[in-house]
1. Could you check Leu205 against (1) within 25 Å of His20 (Cα to Cα); (2) within 16 Å of ligand 2 (Cβ to nearest atom); (3) aliphatic (A, V, I, L, M) and say which number it fails?
2. Can you name the helices (runs of 4 or more DSSP H) wholly within the range 106-199 that have at least 1 residues being among the basic types (Lys, Arg) and crowded, with 22+ Cβ neighbours inside 10 Å?
3. Which members of the range 309-331 meet the condition of being of a type in the set (A, V, I, L, M) and loosely packed, with under 13 Cβ neighbours inside 10 Å?
4. Please go through the range 220-256 and pick out each residue that is open to solvent by 50 Å² or more (accessible area, probe 1.4 Å) and either among the basic types (Lys, Arg) or closer than 21 Å to Phe308 by Cα (or both).
5. Run Pro138 past the list (1) under 20 Å from Leu230 (Cα atoms); (2) more than 14 Å from the chain's Cα centre (by Cα); (3) more than 14 Å from ligand 1 (Cβ to nearest atom) and report the number of the one that doesn't hold.
6. Which condition breaks for Asp81 when tested against (1) within 15 Å of ligand 1 (Cβ to nearest atom); (2) over 24 Å from Tyr29 (Cα atoms); (3) not polar (S, T, N, Q)?
7. Show the residue pairs meeting these rules: Cβ distance below 7 Å; 6+ apart or different chains; first residue within the range 139-154 and farther than 13 Å from Arg235 by Cα; second residue open to solvent by less than 10 Å² (accessible area, probe 1.4 Å) and away from ligand 2 (no atom under 11 Å from the Cβ).
8. What helices (runs of 4 or more DSSP H) lie completely within the range 223-331 and have 1 or more residues being closer than 22 Å to Glu153 by Cβ?
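The values are calculated or read from the model by the stated rules, or taken from the named source; none is laboratory data. Note that the coordinates shown come from a computational prediction; the quantities given were computed from them, not determined experimentally. Glycine also receives a Cβ, built like all others from the backbone with ideal geometry; neighbour counts cover every protein chain displayed. The protein model used for the area step is the full one, side chains on, heavy atoms only, and it has no ligands, DNA or RNA in it. Shrake-Rupley method; radii C 1.70, N 1.55, O 1.52, S 1.80 Å.
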Amino acid sequence: MSFNQDSSNGATPDHGTPEHFFMPLIGAYDWLYGQGDVRNTRLYELAKNLSWDADKDIDWQAAGSPLFNRDMPATQRSAIDAWLNDSSPWRGFEPYRRMPQAEKFAFYQREHVWHINQFRHGEQGALLVSAQLCVGAPTLDAKLFAASQVSDEARHVEFFTKYLQRSFPYAYPVSARLKALLDAIMASSQWDIKLIGMQVIIEGLALASFRIAVSESHDPVLKQGLQLILRDESRHTNFGFQYVQDFLTTLAPHDMTEREDFAADACALARDLMLPTPVFTQCGWPVGAAETYARENGVYAKFHHALFGIIVPELAVLGLIPERLSARYRE
Ligand SMILES: [Fe+2]
Ligand SMILES: [Fe+2]
């Protein structure tokens, strides 16, 4: 398993050029067509009933966030300026404090666009991995659920693409940390390792990030889309956790070791997944100081809390944190 974070080595794809990769995968037919686990069947039925349409179910005419509208009335602008100076989570960071108002404003827009782009890249990863789960999962109930997830993830990519193209004239490439995590998931030939990486770790983080974004955002279009996406993501993480929990109990100890190491490496990358380091660089900030400040303040501290308060305990319940690795999780 390799976790490559070298951004000069394919981690930043060329815009407009597809990036090809080799994908080993052990597939499975299920010729029994058995009923499978009733919990998976129920989630599949829910997926069919709760399907939505990014074109019809989002009010795309709603006004965007005032924070991203430079032509707002002067009264609104002064309220935003007051927030940027007195309430922003970055107000305690000296390089931010020294910025002129217009640059503080631009920083928030870039940070937002960076995050939404990473959400979109993560959704594309989920689209590809759910298609692989459809092939690799050994039972039909899981294949049917994975097929419904493929359709969900397609709509998630569609929503974020429409949202970005409607509101912002620029985009960010996939971050080196997210790309390394996606590459490691794609490189595994085992469906359950892909599931641990995507459904348990990345989608667990997505759930936490989307919930934070819904509560912090003032953009009605983004909120509507995220709320619909959150409903789907809860199904994906529920399915993933219960399906892999049953499967892991059937593995021999040496097979478990591979899963344990993968989960520890993935969590080490996930820890800083949401830090918009390229935006810090664009602002001319000292990257190390900005990352340290971000880890300890505002939404990034909430994100860390979600990672260590939800996902790590789930990995422990799955039996993926043996004593030999507990020090790595304490780091
Ligand atoms: Fe998704
Ligand atoms: Fe998902």
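1. Failing condition for Leu205: (1).
2. Working: elements: 140-167, 176-187, 191-195.
Of the helices (runs of 4 or more DSSP H) lying wholly inside the range 106-199, those with at least 1 residues that are among the basic types (Lys, Arg) and crowded, with 22+ Cβ neighbours inside 10 Å span 176-187, 191-195.
3. Of all residues in the range 309-331, those of a type in the set (A, V, I, L, M) come to 310-312, 315-318, 320-321, 325, 327.
Val317, Ala327 - these are the residues of the range 309-331 that are of a type in the set (A, V, I, L, M) and loosely packed, with under 13 Cβ neighbours inside 10 Å.
4. Lys223, Arg231, Asn238, Gln245
5. (1)
6. Of (1) within 15 Å of ligand 1 (Cβ to nearest atom); (2) over 24 Å from Tyr29 (Cα atoms); (3) not polar (S, T, N, Q), only one is false for Asp81: (1).
7. Asp141/Asn40; Lys143/Ala137
8. Working: elements: 253-270, 277-283, 287-296, 298-306, 312-317, 326-330.
The helices (runs of 4 or more DSSP H) meeting that bar are 253-270, 298-306, 312-317.
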